[in-house]
Amino acid sequence: MEQKLYRDYSNWLLAENARLPFLRLDRASFRRWLAGLAGVFVFASLLLWQRMQVVKLGYQVATLQKQEQDLASGNQLLQRQLQDLNSLAHAEQVAREQLGMQAVNPRQVITLPSGQGSPFSPATWWRGLKGLFSR
């Protein structure tokens with residue numbers, strides 16, 4: 001008798017076994033089973049891809065919300081700085097410290113008479129023009 005180097009299980013796989021009925025399939029049944037398995041695989045892959053997209057978009061939303069908060073706080077800081085720079089106290093401080101200006105001495109102020117009787121006032125010019133065209 002010749003001794004085999006391996007056991008032959010081919011007869012076992014082809015045998016009708018009540019505990020393993022899925023091993024004995026004809027070609028059409030095998031194709032249906034394989035198509036069903038491929039469909040389950042595709043469906044599971046789509047669910048996994050969808051979940052990964054949800055997680056990815058969640059991270060993007062969190063990043064954009066943080067960026068929005070940073071920009072809002074920066075905007076508030078710039079608004080406060082703008083209000084400080086537009087204040088009269090800041091303008092006076094810059095005038096005194098950087099431009100070397102001083103407070104006005106009342107004796108240096110010259111008051112001009114009102115322009116009602118002056119020949120160069122706009123009211124006098126309008127009256128003159130009105131007189132020219134009303135004739």
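General remarks:
- Boolean, Ser45 is surrounded by 10 or more Cβ atoms within 10 Å (Cβ to Cβ), over 42 Å from the mean Cα position of the chain (by Cα) and in a helix (DSSP H, G or I): no
- Residue list for the range 95-125, restricted to those being in a helix (DSSP H, G or I) and at pLDDT below 80: Pro122, Ala123, Thr124, Trp125
- Cβ pairs under 6 Å, 6+ apart, first in the range 26-48 and on the phi > 0 side of the Ramachandran plot, second among the aromatic types (Phe, Trp, Tyr): none
The values are calculated or read from the model by the stated rules, or taken from the named source; none is laboratory data. Worth saying up front: this structure is predicted, and the values here are computed from it rather than measured. Note that each Cβ is placed from the backbone with ideal geometry, even for glycine, and that neighbours are counted across all protein chains shown.
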